[in-house]
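Undergrad: What follows is a single structure, and I will ask about it in a moment.
The values are calculated or read from the model by the stated rules, or taken from the named source; none is laboratory data. Not measured: the values here are computed from a predicted model. Note that we place each Cβ from the backbone using ideal geometry, even for glycine, and neighbour counts take in every protein chain shown.
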């Protein structure tokens with residue numbers, strides 16, 4: 001299984017396709033995302049174990065939303081039950097994936113501390129919300145290499161995790177291999193990812209203007225467009241053999257491929 005190399009314009013196509021998926025069930029998408037956000041915040045508020053627990057479960061939550069996207073792309077209805085899809089299949093692999101990501105985050109923070117960013121990491125991890133911005137800026141200024149190292153390593157971790165949950169769930173790929181494939185897919189498609197990211201930043205500014213109400217659309221679009229990009233970069237094997245990827249339609253997943 002090799003990720004497809006796509007043109008820069010596909011970044012905009014993913015957003016268009018994601019919006020089309022959102023518009024098939026806009027109200028239910030908003031309800032599902034509210035449930036996810038409220039539940040994640042509630043669990044995260046539990047001292048010590050809350051935030052790590054959410055990180056462990058995040059891949060399973062994501063594939064629940066992705067299974068809803070797949071259902072819509074195949075002409076089926078979006079249902080509340082889709083949220084729990086990741087807890088019914090491949091849960092051990094998805095939690096393993098979350099664990100690898102969590103350990104990776106701790107290792108990166110440890111490296112940042114080791115190269116002079118201890119104060120900054122302490123503020124980011126445990127500093128109170130009312131921390132003086134000047135203190136934060138001074139910590140950043142005094143740990144420029146640690147900040148640069150953190151940006152690079154966290155970016156690589158993000159790339160490795162971008163498509164990994166879907167590869168584990170839809171294609172039955174082992175967690176570590178899924179992360180390698182995801183990273184390769186991102187690096188193969190730097191230009192469309194750049195177009196995608198810049199467009200999303202502009203949309204985020206627009207969504208924040210009317211009292212943040214635009215985020216009721218933009219937050220679901222984050223996930224529906226993610227599914228669109230995954231389907232484009234990892235089409236079913238039969239489509240890869242028969243024709244190059246096309247812009248105008250979604251690729252349907254086939255969980256039998258690995």
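Undergrad: Could you list, in sequence order, all residues of the range 172-200 that are more than 19 Å from residue 155 (Cβ to Cβ) and surrounded by 21 or more Cβ atoms within 10 Å (Cβ to Cβ)?
TA: Hits for the range 172-200 are 173, 175.
Undergrad: Also, I was wondering about something else. Of the conditions (1) in a helix (DSSP H, G or I); (2) surrounded by 18 or more Cβ atoms within 10 Å (Cβ to Cβ); (3) modelled with pLDDT under 95, residue 78 satisfies every one except a single condition; which number is it?
TA: The single condition residue 78 does not satisfy is (1).
Undergrad: For residue 117, all conditions in the list (1) under 23 Å from the mean Cα position of the chain (by Cα); (2) buried (at least 17 other Cβ atoms within 10 Å of the Cβ) hold save one; what is the number of the exception?
TA: Result: residue 117 fails condition (1) only.
Undergrad: Specify the residue that is nearest to residue 25 (Cα to Cα); the eligible residues are those in the range 81-117 that are part of a helix (DSSP H, G or I) and without any contact (Cβ under 8 Å) to a residue 12 or more places away in the chain.
TA: So, considering only residues that are part of a helix (DSSP H, G or I) and without any contact (Cβ under 8 Å) to a residue 12 or more places away in the chain, the one nearest to residue 25 (Cα to Cα) is 81.
Undergrad: Going by the structure shown, is residue 12 surrounded by fewer than 17 Cβ atoms within 10 Å (Cβ to Cβ), in contact with a helix residue (DSSP H, G or I) (Cβ under 8 Å, 6 or more places away or on another chain) and either outside any helix (DSSP H, G or I) or touching a residue at least 24 places away in the same chain (Cβ under 8 Å) (or both)?
TA: Taking the combined requirement at face value, the residue satisfies it.
Undergrad: If you don't mind, there's one more thing I want to ask. For the range 126-172, which fully contained helices (runs of 4 or more DSSP H) count at least 2 residues that are more than 23 Å from residue 224 (Cβ to Cβ) and at pLDDT 95 or above?
TA: By residue number, 144-162.
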